[in-house]
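Everything on this sheet refers to the single structure shown next.
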Amino acid sequence: MITIVDYGMGNIRSVFNAFSYLGCTPNVSSSIKDIASADALILPGVGSFRVAMEHLTQNDMADAIKDAVQVHQKQILGICLGFQLLSESSTEDGTTDGLNIMGGHITKFDVIKFSGFKVPHV
């Protein structure tokens, strides 16, 4: 069973529809029991790193995700902000600790260095 982690900040429907199109019906849940029992996790995300980590921490999902991946060796797919959350930290909206599942730090674009470019550049 693949569980899409619903922490209130992801484009859940698009991710669900993509997997359904491929013939897989993922579970969408914010339950730490569902996170723990999943074979694999998908962590989507749109928005602020800081706010996302607050949602994950307040609902005990951060610890459940770290336990599932680091202790139980479950696979995880981070999409967009969800991928960034797997890092050690971010400076996007003040310095915020991430899930620290993989190394690296997410740094905010230097708007002066990238003047003339649309930031964020998508």
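The values are calculated or read from the model by the stated rules, or taken from the named source; none is laboratory data. Please read these numbers as outputs of a predicted model, since none were measured by experiment. For the accessible areas, the whole protein counts, side chains as well, though only heavy atoms, and no ligand, DNA or RNA atoms are used. Shrake-Rupley method; radii C 1.70, N 1.55, O 1.52, S 1.80 Å.
Observations
- Number of Lys-Lys pairs in the chain with C-alpha atoms under 27 Å apart and a separation of 8 or more places or on different chains: 5.
- Sorted largest first, the principal axis extents computed over the alpha-carbon atoms of the chain equal 45, 31, 22 Å.
- Of every Cα-Cα pair in the stretch 17-69, the percent that sits beyond 16 Å: 47
- For the chain, the relative contact order is 22 percent, taking Cα pairs closer than 8 Å that sit 6 or more residues apart in sequence and dividing their mean separation by the residue count.
- Surface share of carbon and sulfur [accessible, 1.4 angstrom probe, percent] for the stretch 49-122: 55
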